[in-house]
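What follows is a set of notes on a single structure, which appears directly below.
The values are calculated or read from the model by the stated rules, or taken from the named source; none is laboratory data. Keep in mind that this is a model prediction, so the values were computed, not measured. Ideal geometry is used to build each Cβ from the backbone, glycine not excepted, and the neighbour counts take in all protein chains shown.
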């Protein structure tokens, strides 16, 4: 299938709108899980997203319309719950639709962007059904990273379900843990929830998930309010000290779910990434911030 070039003007409009949906880490996860090619561009927030979309239209092995649809799906399909936000959301939505129309494209619900007048032809040719296939992961760590960075997109169809179906809500740590557990099980044979760590400073703590074959612990946190947001970093530092004492934990991946955007500097948590040493042991830490 031949790739579709995306105009600079279309990429600018989408980038201008989407930049307000979160910080660098949140949108990096969105673009990566949407199939955007390569590493995130090392650019300022206001220009990074339009450049990444433009790149998608230059790569012959990428379906740029699929990437664009994936990036837009949640924004275009989700009417804001706050009525005061509706006018701005609707105005931005119309801006995106107009920019797409200028390029001969149209957005359809559930993240489909198609050339105007070619929907039926693409259906017949199977191009819509042939979803973008990411590059094959080289190891389990890459699979787990895709699962974690795709949590937001996985939540979307469960939260906004067909008429008459009960909507699922992801409002606490247990909701996120259950979804993450379900997504991990087809890929990882031994996922142990609620495993206890050895005692540290007179206390033991309970891991969310231990993957012993991969020496990996996944810890999830849900930011409850603004006060909790101030303490998340300190909680993670304490967790790191606990998990460093576990004999089969060499990697700790921290998933911070911040549905209401209480974290004032989510990118600052990336300072925890890297190796942490405790006595004669070391633990490699990675952090992921997920917004609703």
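Quick notes on this one:
- Scanning region 273-291 for residues that are under 14 Å from residue 254 (Cα atoms) and assigned to a strand (DSSP E or B) yields a count of 11.
- Residue that is on the phi < 0 side of the Ramachandran plot, touching a residue at least 40 places away in the same chain (Cβ under 8 Å) and in a loop (DSSP other than H, G, I, E, B), where the choices are 70, 3, 92: 3
- Flag for residue 53 being more than 19 Å from residue 152 (Cα to Cα) and outside any helix (DSSP H, G or I): no
- Residue match in region 254-270 (condition: out of contact with any helix residue (DSSP H, G or I) (no Cβ under 7 Å at 6 or more places or on another chain) and modelled with pLDDT of 90 or more): no
- Residues that are modelled with pLDDT of 85 or more, over 24 Å from residue 171 (Cα atoms) and in a loop (DSSP other than H, G, I, E, B), drawn from region 215-253: 215, 249, 250
- Residues that are farther than 24 Å from residue 28 by Cα, without any contact (Cβ under 8 Å) to a residue 60 or more places away in the chain and surrounded by fewer than 16 Cβ atoms within 10 Å (Cβ to Cβ) within region 99-112 comprise 101, 104, listed in sequence order.
- When every residue of region 16-25 is checked against the conditions, at least one turns out to be touching a strand residue (DSSP E or B) at 6+ places or on another chain (Cβ under 8 Å) and assigned to a helix (DSSP H, G or I).
- Some residue of region 48-70 being under 24 Å from residue 269 (Cα atoms), surrounded by 12 or more Cβ atoms within 10 Å (Cβ to Cβ) and in contact with a helix residue (DSSP H, G or I) (Cβ under 7 Å, 6 or more places away or on another chain): yes
- Residue in region 2-12 that is within 15 Å of the chain's Cα centre (by Cα) and buried (at least 18 other Cβ atoms within 10 Å of the Cβ) present: no
- Among residues of region 10-35 that are free of Cβ contacts under 8 Å to residues at least 24 places away in the same chain and outside the structural domain of residue 156 (by TED's automatic domain parsing), those with a Cβ under 7 angstrom from a residue that is assigned to a helix (DSSP H, G or I) and buried (at least 22 other Cβ atoms within 10 Å of the Cβ), sequence gap 6+ or separate chain, pair up as 27/49.
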